[in-house]
Amino acid sequence: MAIKNPVARSIVWLILLLWSVAVLYPLIWTLLDALKNNEQFFLNMPWALPKLPLLWSNFSYVWSKYNFSTYFLNSIVVTVGSTLLGMILSAMTAYVLARYAFRGGKLLFTLYISSMMIPFALALIPLFFLLNDLHMVNTRIGLILVYASLNLPFGIFLLVGFYKSLPKEIEEAAVMDGTSHYGTFFRIMLPLSQPGLITVLITNMLNNWNEYFLGVVLTNDPEKYTLPIGLAVMQAEMQYRVEWGPLFAGLLITMVPTLIIYIIFQRQIAGGITAGAVK
């Protein structure tokens, strides 16, 4: 709804401007500090502009010396694998819960949603022993399965609303044409739930990319670390002599992919969540 009062509009714009500054300033400050050396940190104020020449080499230094190339690849594999697996499982489960009436369906849906309120830290010990028995500790497939399972409750919660809103005539027409249950879901219902799927996809991708706690517990092999773990390891390896420029460069390498994804898909995320909640 448009704000017609000029005073109220000015106040809203001022609040939005201050909020934008509060969000953008840390990002710009991180970028500027990533282009400095230690001397500039200690002789000048940490938030001062970097001196020429700008040390873009900090990024390549982190990429090679601190093994960020391996961490980045691991993050890509784990994030993409867990996000896609979690999305398809959420969509299939939500479709069944929304479109098929069976005994215990409401209870099952309640259990899925209730699991969102349980801190996953409570499941760390049994989860670790389970993966250890399956020989999946220190493996990317183990992280993919764990992250995908954590994605299920939110995806089911959001997609059930979409599938309930779709008219039953669509399924009836598909059955009349001889389409199987699987064909109806994958060829008709799944494409129709695209707004919700995009929201689930992007939200889970951001969560999986930034996840740290489970990754630390379930992996102790440096070749399997993801970026958040690698960043913490990098800081620990520096010990008493912190290389501030490379440290901020590593932080930017970790942050930039999530920022790009959110900027590109922010409208779909907001629209999908709103539509799912209303429906």
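A few remarks follow.
- Test result for L158, modelled with pLDDT of 90 or more and of a type in the set (A, V, I, L, M): no
- The helices (runs of 4 or more DSSP H) found entirely in segment 34-113 that carry 1 or more residues being more than 29 Å from P257 (Cβ to Cβ) and assigned by the TED database to the domain that holds L192 are 68-99.
- Within segment 219-251, tally of residues that are under 18 Å from N37 (Cβ atoms) and open to solvent by less than 20 Å² (accessible area, probe 1.4 Å): 6
- Some residue of segment 16-28 being assigned to a helix (DSSP H, G or I), assigned by the TED database to the domain that holds V233 and open to solvent by 60 Å² or more (accessible area, probe 1.4 Å): no
- Exclusive hit being more than 13 Å from V78 (Cβ to Cβ), open to solvent by less than 60 Å² (accessible area, probe 1.4 Å), without any contact (Cβ under 8 Å) to a residue 12 or more places away in the chain and part of a helix (DSSP H, G or I), set G161, G183: G183
- Residues in segment 136-158 that are crowded, with 16+ Cβ neighbours inside 10 Å and of a type in the set (V, I, T): V137, T139, I144, V146, I156.
- Here N37 clears all of (1) modelled with pLDDT of 85 or more; (2) closer than 19 Å to M234 by Cα except the condition numbered (1).
- Residues of segment 56-67 that turn out to be closer than 11 Å to L35 by Cα and either out of contact with any helix residue (DSSP H, G or I) (no Cβ under 6 Å at 6 or more places or on another chain) or open to solvent by less than 40 Å² (accessible area, probe 1.4 Å) (or both), as a count: 3
- Evaluation of L197 against (1) open to solvent by less than 30 Å² (accessible area, probe 1.4 Å); (2) outside any helix (DSSP H, G or I) (one fails), failing number: (2)
The values are calculated or read from the model by the stated rules, or taken from the named source; none is laboratory data. Since we're looking at a predicted model, the values are computed, not measured. Neighbour counts are summed over all protein chains in view; Cβ atoms, including those assigned to glycine, are modelled from backbone coordinates with ideal geometry. Ligands, DNA and RNA are excluded from the accessible area calculation, which covers all protein heavy atoms including side chains. Shrake-Rupley method; radii C 1.70, N 1.55, O 1.52, S 1.80 Å.
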